[in-house]
Structures are given as C-alpha cells and as structure tokens.
1. From A10, A35, which residue is small (G, A, S) and touching a Leu at 6+ places or on another chain (Cβ under 7 Å)?
2. Can you tell me which residue is least open to solvent (accessible area, probe 1.4 Å) among those in segment 128-156 that are in contact (Cβ under 8 Å) with a residue 24 or more places away in the chain and hydroxyl-bearing (S, T, Y)?
3. Within segment 134-184, which residues are closer than 22 Å to F197 by Cα and assigned to a loop (DSSP other than H, G, I, E, B)?
4. Mind listing whichever residues of segment 77-87 are under 20 Å from G194 (Cα atoms) and either out of contact with any Ser or Thr (no Cβ under 9 Å at 6 or more places or on another chain) or open to solvent by 50 Å² or more (accessible area, probe 1.4 Å) (or both)?
5. What are the residues in segment 199-213 that are touching a strand residue (DSSP E or B) at 6+ places or on another chain (Cβ under 8 Å) and not β-branched (V, I, T), if any?
6. In the set P159, P201, which member is closer than 28 Å to F106 by Cα and buried (at least 19 other Cβ atoms within 10 Å of the Cβ)?
7. Can you name every one of the strands (runs of 3 or more DSSP E) wholly within segment 1-90 that holds 2 or more residues which are in contact with a His (Cβ under 8 Å, 6 or more places away or on another chain)?
8. Would you please name the residue that is farthest from R215 (Cα to Cα), looking only at residues in segment 143-187 that are among the hydrophobic types (A, V, I, L, M, F, W, C) and in contact with a helix residue (DSSP H, G or I) (Cβ under 6 Å, 6 or more places away or on another chain)?
Amino acid sequence: TSVAMFQSLARSKGAKLVDKTPVTNVRRDPKSGDAIIETPNGNYHARKCVITPGAWVSPRLKEWFGVDVPTQVEHITVPYWHSSLPPNLQNGPIFISFEEPNYYGFPPFEYESMMKICKHGGRPSEFPRDFTANQKDIDGIRSFIERTFKKECVESSQPVVIETCTYTISPDWDFIIDSVPNAPNIWFAGGFSGHGFKLAPIIGKGLAEHALSGRSVVDLTPFRLSRFN
C-alpha cells in the first residue's frame with residue numbers, strides 16, 4: 001500500500017518510526033526554543049518539528065499553542081459496490097462527477113470485483129468518532145450509480161462493504177500549512193479537506209524543507225493560516 005511504501009522509504013533514509021505512542025503535548029522550550037514532544041513513553045526534543053494531527057488539528061493547536069485553526073470534521077461513508085466491469089476497465093479509469101454533490105469512484109483496487117463509489121463530503125462529526133454509515137449518503141450514491149452505469153456493470157441494490165473515514169475541512173476546502181505563531185521552528189499542516197493524501201509526497205517535501213532551512217522549491221504561501229484573518 002501507499003502508507004507501507006512511505007514507511008519503507010523513510011526507514012531507508014534513516015527515519016525512526018515510533019508506533020503506538022500518542023503525542024500528549026507539544027511545546028516550545030522557553031530557553032533553547034527547541035520543540036518538546038511529550039508522550040507516555042518519554043519526551044523527544046527537536047530543533048525543528050512538524051505537526052500533522054489530521055482531524056485533531058484544531059483542538060490540538062488550540063490546546064498546545066492557543067492557535068485557532070478553522071476546520072470542521074465530517075463523517076464520510078465509504079461504500080464498495082459489486083461490479084462486473086469488462087477487462088479493459090478493470091484497472092481504470094478513476095472518475096469524478098462535478099454535479100452537486102460530487103461523486104467519485106475507483107476501479108476494483110482494494111476489494112476484488114468491488115468498485116469504491118462515494119460522495120465527496122459527509123455530515124459534521126464530533127469525537128469520539130461515529131463509525132455508522134449514513135443511509136442518506138448511500139441512497140444518493142445508489143441514485144448516481146443507477147443513472148450513470150449500466151446495470152450489468154455495477155450492482156446498485158446494496159453495497160457489499162461499507163467503511164467510514166473523516167474529512168477535515170477548511171473554510172475554502174484548501175490546505176492549512178504554516179508555522180506556529182511565535183514558534184517559527186514548529187510547523188503544522190491540516191484541513192486537507194478530503195484531497196490531501198494523494199499530495200502527501202510533495203506536501204511532505206515542502207514541509208520538511210521549510211522546517212529545516214526556511215525555504216523550499218514548493219511554494220506553501222497560498223496555504224498560510226493568515227488568509228482567514
């Protein structure tokens with residue numbers, strides 16, 4: 001998978017991955033200016049730090065640094081539908097409709113003979129997470145399938161597998177990437193609004209370069225938090 005690939009590449013470059021270790025606090029040492037990352041298994045000290053807490057970006061940045069990051073977490077229903085695609089479509093294409101709401105889909109990559117066809121968006125969510133499916137969204141996706149695909153290609157009566165995930169949505173549906181005010185050596189990223197994962201390599205490159213040297217070939221200025229002020 002993509003995540004396993006990223007992890008393998010990171011290890012090959014000398015990164016140490018620490019699993020099952022929740023971060024309970026990040027703060028700046030008032031004397032050295034270093035970032036102190038607190039965990040139940042001990043603290044880490046770093047001259048530079050990048051925080052990417054996903055759906056927790058707003059509460060954690062507020063708690064740790066008093067910074068208001070405007071995001072809304074949405075609960076997303078992710079159904080997989082039985083498909084009988086012809087051989088030339090088994091590996092593609094990926095598609096998205098630009099009607100309102102947007103629907104998108106993938107060929108049978110994750111489950112054999114099942115297409116992932118979803119609504120781009122969901123309903124507001126709070127923590128702890130709700131893992132139940134949104135029947136209204138499933139009904140909307142079913143209607144989209146019935147008017148888009150031939151019956152012999154995608155079975156729309158009921159999804160075979162239903163999963164859930166979250167979007168962390170910014171007010172303009174674009175990323176929020178910046179340094180923490182008064183802590184220029186600590187960067188954060190969030191509000192990826194359902195389209196961040198596919199851009200993880202280039203965003204990671206930009207974040208790492210900015211954190212280490214203060215400049216990057218990746219222009220992150222359009223994503224600054226200050227655009228919402």
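1. Testing whether each residue is small (G, A, S) and touching a Leu at 6+ places or on another chain (Cβ under 7 Å) leaves just A10.
2. So in segment 128-156, the residues in contact (Cβ under 8 Å) with a residue 24 or more places away in the chain come out as 129-134, 137-138, 140-141, 144-145, 148, 152-156.
When the remaining residues are screened for being hydroxyl-bearing (S, T, Y), the result is 132, 148, 156.
Details: T132: 77, T148: 73, S156: 18 Å².
Here the residue is S156.
3. S170, P171, D172, W173, D174, F175
4. Those that are under 20 Å from G194 (Cα atoms) and either out of contact with any Ser or Thr (no Cβ under 9 Å at 6 or more places or on another chain) or open to solvent by 50 Å² or more (accessible area, probe 1.4 Å) (or both): P79, Y80.
5. Step one: filter segment 199-213 for residues touching a strand residue (DSSP E or B) at 6+ places or on another chain (Cβ under 8 Å), giving 203, 206-208, 210-211.
Passing the criteria: G206, L207, A208, H210, A211.
6. Values: P201 fails: buried (at least 19 other Cβ atoms within 10 Å of the Cβ).
Just a single option satisfies the conditions, and that option is P159.
7. 35-39
8. Applying the first criterion (among the hydrophobic types (A, V, I, L, M, F, W, C)) to segment 143-187 yields 144-145, 149, 153-154, 160-162, 165, 169, 173, 175-177, 180, 183, 186-187.
Next cut, in contact with a helix residue (DSSP H, G or I) (Cβ under 6 Å, 6 or more places away or on another chain) only: 154, 175-177, 180, 187.
Working: V154: 48, F175: 18, I176: 17, I177: 14, V180: 16, W187: 13 Å.
Per the stated criteria, the residue is V154.
The values are calculated or read from the model by the stated rules, or taken from the named source; none is laboratory data. On a predicted model such as this, the values are computed, not experimentally measured, just so you know. Don't worry about glycine lacking a Cβ; one is built from the backbone with ideal geometry, like all the others, and counts go over all protein chains shown. Accessible surface areas use protein heavy atoms only, side chains included; no ligands, DNA or RNA. Shrake-Rupley method; radii C 1.70, N 1.55, O 1.52, S 1.80 Å.
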